[in-house]
Ligand SMILES: [Zn+2]
């Protein structure tokens, strides 16, 4: 590492090398409770005492009116497809054998929702406003992760 100092701010110095970086992200207060809820098969949100909005995923401050949120509510694991996309390639860019459907699901009684996969439905059958319900992983397999919900499927 160089210890020489430059007095010229536009004189850019650089050197080549590799830096190893490890990151650990914490869930935060709201995330901790949200993911613990998923493990128990519950979708939790926070309700704003000022504007009445129910935030899912939960926030500890209302994004609309900045009120501190301390009231936790359970919302149904059912809602509507607000938006969706059909993926034909995986994260590695390689073509998928079967296309996957990703949707933003607006949960009943919430002013938000979850981005998740849709299952038990063909891409050409999905539409905005379609009612869907969570399909949970068996209790013993839940880890407190978003994948504790396997996918959302259409409600008959
Ligand atoms: Zn609010």
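Some notes on this structure:
- For 141, 78, 124, 67, order by how many other beta-carbon atoms lie within 10 Å, fewest first: 124, 141, 67, 78
- By the beta-carbon count within 10 Å of each Cβ, the least crowded to most crowded order of 13, 117, fewest first, is 13, 117.
- Once the Cα-Cα distance is subtracted from the 0.36 nm per residue extended length, the residue 139 to residue 88 segment shows a gain of 15.3 nm.
- Convex hull volume of the chain per residue (C-alpha atoms, cubic angstrom): 231
- Förster radius 35 Å - calculated FRET efficiency between residue 7 and residue 60 (Cβ-Cβ, nearest 0.05): 0.15
- When 96, 114, 8 are arranged by Cβ crowding within 10 Å, least crowded first, meaning fewest neighbours, the order is 8, 96, 114.
- Each peptide in 87-93, 105-111 was scored by the mean count of other Cβ atoms within 10 Å over its residues; highest first, the order is 105-111, 87-93.
- Relative contact order computed over the chain (Cα-Cα under 8 Å; 6+ residues apart), in percent: 20
- Over the residues of the chain, the helix contribution to mean residue ellipticity at 222 nm works out to -2500 deg cm²/dmol, using -39500 (n - 2.57) for each DSSP H run of at least 4.
- Prolate/oblate/rounded label for region 22-79 (Cα gyration tensor, a/c 1.5): oblate
- Note on residue 131/residue 70: beta-carbon distance plugged into 1/(1 + (r/R0)^6) with R0 of 41 Å gives a FRET efficiency of 0.85.
Coordinate-derived values only; no laboratory data. Nothing here was measured: the structure is a model prediction, and the numbers come from that model. Because the Cβ atoms are built from the backbone with ideal geometry, glycine has one as well, and the counts that use them run over all protein chains shown.
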